[in-house]
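Data first, discussion second: the structure below is written as C-alpha coordinates.
The values are calculated or read from the model by the stated rules, or taken from the named source; none is laboratory data. These figures come from a predicted structure and were not determined experimentally. Cβ: placed from backbone, ideal geometry, glycine included. Neighbour counts: every protein chain shown.
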Amino acid sequence: MQKSFTIKGDCFYHYTGWNELIGILSSRQLWLNHYKYVRGDKEEMLLSFQYIRERCRQVGAQRNNRFVEAAGQSPTLGMPDDVYMTCFAADDENDHLWETYAKKDGVCIAFDSSLIKSLERAFILPQPMEYDWTKFKNHADESILMACEFSSIEQIEQVITPVLLMAIRMKNADYFKEQELRLLHVPKLFDSPFSGFHSPLQPLENDPSKRFIDLSGYDGLGIKGIFLNTGFDKNAELVVLLRDSNISPNLLPRMQ
(Lines give C-alpha, C1' and ligand atoms only; values in the text may rest on other atoms or scores of the structure.)
Protein backbone atom coordinates (compact mmCIF):
# COMPACT_ATOMS: atom_id res chain seq x y z
CA MET A 1 0.00 0.00 0.00
CA GLN A 2 1.29 3.46 -0.89
CA LYS A 3 1.78 5.54 2.25
CA SER A 4 2.88 8.90 0.89
CA PHE A 5 1.41 11.35 -1.57
CA THR A 6 2.05 14.59 -3.40
CA ILE A 7 -0.37 17.50 -3.28
CA LYS A 8 -1.34 18.42 -6.84
CA GLY A 9 -3.45 21.11 -8.46
CA ASP A 10 -3.87 24.79 -7.76
CA CYS A 11 -6.06 24.55 -4.64
CA PHE A 12 -6.00 23.17 -1.12
CA TYR A 13 -9.34 22.03 0.27
CA HIS A 14 -10.66 22.74 3.75
CA TYR A 15 -13.74 20.78 4.93
CA THR A 16 -15.78 22.55 7.57
CA GLY A 17 -19.27 23.19 8.92
CA TRP A 18 -21.71 26.03 8.26
CA ASN A 19 -20.99 27.86 11.52
CA GLU A 20 -17.25 27.62 10.89
CA LEU A 21 -17.75 29.03 7.38
CA ILE A 22 -19.62 31.98 8.89
CA GLY A 23 -16.68 32.52 11.24
CA ILE A 24 -14.11 32.43 8.43
CA LEU A 25 -15.99 34.86 6.19
CA SER A 26 -17.17 37.29 8.84
CA SER A 27 -13.83 37.49 10.66
CA ARG A 28 -11.77 37.19 7.45
CA GLN A 29 -9.58 34.78 9.36
CA LEU A 30 -8.56 31.13 9.19
CA TRP A 31 -7.98 29.66 12.62
CA LEU A 32 -5.23 27.27 13.70
CA ASN A 33 -5.77 25.15 16.82
CA HIS A 34 -3.17 24.30 19.44
CA TYR A 35 -2.01 20.73 18.80
CA LYS A 36 -3.29 19.56 22.20
CA TYR A 37 -6.85 20.38 21.16
CA VAL A 38 -6.95 18.94 17.63
CA ARG A 39 -10.07 16.83 17.19
CA GLY A 40 -9.67 13.14 16.45
CA ASP A 41 -5.87 12.86 16.18
CA LYS A 42 -4.80 13.30 19.80
CA GLU A 43 -4.59 9.54 20.47
CA GLU A 44 -2.32 8.99 17.47
CA MET A 45 -0.04 11.80 18.60
CA LEU A 46 0.14 10.34 22.10
CA LEU A 47 1.15 6.94 20.71
CA SER A 48 3.92 8.61 18.71
CA PHE A 49 5.16 10.55 21.72
CA GLN A 50 5.02 7.40 23.84
CA TYR A 51 7.24 5.53 21.37
CA ILE A 52 9.83 8.33 21.40
CA ARG A 53 9.87 8.49 25.21
CA GLU A 54 10.26 4.72 25.55
CA ARG A 55 13.08 4.60 23.02
CA CYS A 56 14.87 7.51 24.72
CA ARG A 57 14.78 5.65 28.01
CA GLN A 58 15.93 2.37 26.45
CA VAL A 59 18.63 3.71 24.13
CA GLY A 60 19.84 6.28 26.66
CA ALA A 61 20.36 3.52 29.23
CA GLN A 62 22.06 1.24 26.67
CA ARG A 63 24.42 4.02 25.53
CA ASN A 64 24.99 5.29 29.06
CA ASN A 65 23.70 8.76 28.18
CA ARG A 66 21.81 10.00 31.21
CA PHE A 67 20.59 13.10 29.36
CA VAL A 68 18.85 11.10 26.64
CA GLU A 69 17.54 8.66 29.24
CA ALA A 70 16.18 11.59 31.27
CA ALA A 71 14.56 13.04 28.14
CA GLY A 72 12.41 9.92 28.11
CA GLN A 73 10.87 11.05 31.39
CA SER A 74 9.72 14.37 29.92
CA PRO A 75 6.05 14.50 28.80
CA THR A 76 6.89 16.75 25.86
CA LEU A 77 10.63 16.15 25.32
CA GLY A 78 11.87 19.00 23.10
CA MET A 79 8.46 19.76 21.63
CA PRO A 80 7.78 23.49 21.52
CA ASP A 81 4.60 24.04 23.48
CA ASP A 82 3.29 26.64 21.03
CA VAL A 83 2.53 24.52 17.96
CA TYR A 84 -0.67 25.35 16.07
CA MET A 85 -2.27 23.59 13.13
CA THR A 86 -5.11 23.35 10.69
CA CYS A 87 -5.83 20.72 8.08
CA PHE A 88 -6.43 20.67 4.34
CA ALA A 89 -7.04 17.91 1.81
CA ALA A 90 -5.90 17.22 -1.73
CA ASP A 91 -9.36 17.39 -3.32
CA ASP A 92 -13.09 17.99 -2.75
CA GLU A 93 -14.19 14.38 -3.28
CA ASN A 94 -13.32 12.75 0.03
CA ASP A 95 -16.46 11.09 1.44
CA HIS A 96 -14.88 10.50 4.85
CA LEU A 97 -14.04 14.18 5.28
CA TRP A 98 -17.49 15.25 4.10
CA GLU A 99 -19.14 13.00 6.67
CA THR A 100 -16.72 13.87 9.46
CA TYR A 101 -16.23 17.61 9.14
CA ALA A 102 -18.87 18.93 6.73
CA LYS A 103 -22.14 17.11 7.44
CA LYS A 104 -25.41 18.28 5.84
CA ASP A 105 -24.92 22.07 5.67
CA GLY A 106 -21.14 21.73 5.59
CA VAL A 107 -18.87 22.94 2.83
CA CYS A 108 -15.48 22.33 1.31
CA ILE A 109 -13.56 25.57 0.74
CA ALA A 110 -11.05 25.61 -2.12
CA PHE A 111 -8.21 27.91 -1.10
CA ASP A 112 -5.84 29.15 -3.78
CA SER A 113 -2.51 27.35 -3.47
CA SER A 114 -0.75 30.73 -3.60
CA LEU A 115 -2.15 31.37 -0.12
CA ILE A 116 -0.38 28.28 1.23
CA LYS A 117 2.81 29.11 -0.66
CA SER A 118 2.86 32.59 0.84
CA LEU A 119 2.54 31.05 4.31
CA GLU A 120 5.43 28.72 3.54
CA ARG A 121 7.61 31.72 2.77
CA ALA A 122 6.55 33.12 6.14
CA PHE A 123 8.04 30.04 7.86
CA ILE A 124 4.72 28.35 8.46
CA LEU A 125 5.24 24.75 7.51
CA PRO A 126 2.66 22.94 5.33
CA GLN A 127 3.42 19.25 5.64
CA PRO A 128 1.69 16.12 4.28
CA MET A 129 0.59 13.67 6.93
CA GLU A 130 2.76 10.62 7.59
CA TYR A 131 1.03 7.24 7.37
CA ASP A 132 4.04 4.91 7.46
CA TRP A 133 4.72 3.90 11.06
CA THR A 134 7.80 1.88 10.10
CA LYS A 135 9.32 4.98 8.50
CA PHE A 136 8.49 7.02 11.61
CA LYS A 137 10.00 4.47 14.00
CA ASN A 138 13.17 4.16 11.91
CA HIS A 139 13.54 7.93 11.82
CA ALA A 140 12.95 8.17 15.57
CA ASP A 141 15.49 5.42 16.33
CA GLU A 142 18.13 7.04 14.10
CA SER A 143 17.59 10.46 15.70
CA ILE A 144 17.74 9.09 19.25
CA LEU A 145 21.00 7.26 18.46
CA MET A 146 22.38 10.52 17.07
CA ALA A 147 21.25 12.35 20.22
CA CYS A 148 23.34 9.96 22.30
CA GLU A 149 26.45 11.56 20.81
CA PHE A 150 25.71 14.76 22.72
CA SER A 151 25.84 15.62 26.40
CA SER A 152 23.82 18.82 26.58
CA ILE A 153 20.05 19.10 26.83
CA GLU A 154 19.97 21.86 24.19
CA GLN A 155 21.76 19.75 21.56
CA ILE A 156 19.66 16.68 22.34
CA GLU A 157 16.45 18.68 22.01
CA GLN A 158 17.59 20.05 18.65
CA VAL A 159 18.05 16.51 17.35
CA ILE A 160 14.81 15.10 18.76
CA THR A 161 12.44 18.04 18.10
CA PRO A 162 12.09 17.32 14.31
CA VAL A 163 10.97 13.79 15.19
CA LEU A 164 8.33 15.22 17.50
CA LEU A 165 7.10 17.48 14.72
CA MET A 166 6.82 14.37 12.57
CA ALA A 167 4.93 12.67 15.41
CA ILE A 168 2.27 15.39 15.27
CA ARG A 169 1.71 14.44 11.62
CA MET A 170 1.34 10.69 12.17
CA LYS A 171 -1.90 8.93 11.26
CA ASN A 172 -2.92 5.32 10.87
CA ALA A 173 -2.39 3.99 7.33
CA ASP A 174 -6.15 3.34 7.14
CA TYR A 175 -6.57 7.12 6.77
CA PHE A 176 -4.21 7.44 3.83
CA LYS A 177 -7.21 8.01 1.55
CA GLU A 178 -7.78 11.38 3.26
CA GLN A 179 -4.64 12.75 1.58
CA GLU A 180 -4.37 15.26 4.40
CA LEU A 181 -2.03 18.22 4.51
CA ARG A 182 -1.36 19.54 7.99
CA LEU A 183 -0.39 23.19 8.25
CA LEU A 184 1.91 23.61 11.26
CA HIS A 185 2.86 26.94 12.75
CA VAL A 186 5.69 27.05 15.30
CA PRO A 187 6.31 30.61 16.58
CA LYS A 188 9.45 29.41 18.36
CA LEU A 189 11.10 28.95 14.95
CA PHE A 190 11.18 32.64 14.23
CA ASP A 191 10.08 34.61 17.32
CA SER A 192 13.69 35.23 18.19
CA PRO A 193 15.67 38.44 18.73
CA PHE A 194 18.40 36.93 16.52
CA SER A 195 16.20 35.82 13.61
CA GLY A 196 14.87 39.24 12.64
CA PHE A 197 11.42 37.71 12.14
CA HIS A 198 8.25 37.72 14.20
CA SER A 199 5.24 35.46 13.98
CA PRO A 200 2.68 36.75 11.45
CA LEU A 201 -0.06 34.94 13.35
CA GLN A 202 -1.77 36.47 16.34
CA PRO A 203 -3.63 34.73 19.18
CA LEU A 204 -7.39 35.10 19.28
CA GLU A 205 -8.27 37.68 21.89
CA ASN A 206 -10.81 35.44 23.65
CA ASP A 207 -9.17 32.05 23.01
CA PRO A 208 -5.38 31.69 23.46
CA SER A 209 -5.56 28.05 22.27
CA LYS A 210 -5.98 29.41 18.69
CA ARG A 211 -4.05 31.61 16.32
CA PHE A 212 -5.33 33.04 13.07
CA ILE A 213 -4.22 33.76 9.53
CA ASP A 214 -5.43 37.15 8.38
CA LEU A 215 -7.08 36.50 5.00
CA SER A 216 -8.00 40.12 4.31
CA GLY A 217 -4.79 40.73 2.37
CA TYR A 218 -5.57 38.03 -0.19
CA ASP A 219 -7.77 38.53 -3.24
CA GLY A 220 -11.20 37.10 -2.44
CA LEU A 221 -9.81 35.98 0.96
CA GLY A 222 -7.81 33.42 -1.02
CA ILE A 223 -11.01 31.45 -1.73
CA LYS A 224 -11.46 30.22 -5.30
CA GLY A 225 -14.57 28.14 -4.75
CA ILE A 226 -16.97 26.66 -2.18
CA PHE A 227 -18.40 23.18 -2.64
CA LEU A 228 -21.79 22.63 -0.99
CA ASN A 229 -22.75 19.32 0.60
CA THR A 230 -25.72 17.34 -0.66
CA GLY A 231 -28.87 18.72 0.94
CA PHE A 232 -27.31 22.11 1.63
CA ASP A 233 -30.29 24.41 2.25
CA LYS A 234 -28.71 27.69 3.30
CA ASN A 235 -28.22 29.13 -0.18
CA ALA A 236 -30.02 32.39 0.62
CA GLU A 237 -27.98 32.91 3.79
CA LEU A 238 -24.79 32.09 1.90
CA VAL A 239 -25.51 34.65 -0.82
CA VAL A 240 -25.97 37.34 1.85
CA LEU A 241 -22.83 36.21 3.68
CA LEU A 242 -20.72 36.36 0.52
CA ARG A 243 -22.14 39.75 -0.41
CA ASP A 244 -21.36 41.14 3.04
CA SER A 245 -17.85 39.67 2.78
CA ASN A 246 -17.44 41.31 -0.65
CA ILE A 247 -16.23 38.14 -2.32
CA SER A 248 -17.67 36.08 -5.16
CA PRO A 249 -16.15 32.58 -5.28
CA ASN A 250 -17.58 29.84 -7.48
CA LEU A 251 -20.35 27.89 -5.73
CA LEU A 252 -20.33 24.25 -6.73
CA PRO A 253 -22.25 21.12 -5.70
CA ARG A 254 -20.50 18.29 -3.94
CA MET A 255 -19.31 15.70 -6.45
CA GLN A 256 -21.05 12.34 -6.05
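Considering the stretch 1-28, and only residues there that are surrounded by fewer than 16 Cβ atoms within 10 Å (Cβ to Cβ) and in contact with a Pro (Cβ under 9 Å, 6 or more places away or on another chain), the residue that is modelled with the lowest pLDDT turns out to be Ser4.
Restricting the stretch 208-255 to residues that are in a helix (DSSP H, G or I) and under 24 Å from the mean Cα position of the chain (by Cα) leaves a set whose member that is surrounded by the fewest Cβ atoms within 10 Å (Cβ to Cβ) is Asp219. For the stretch 27-42, the criterion of being in a helix (DSSP H, G or I) and more than 20 Å from Arg169 (Cα to Cα) is met by at least one residue.
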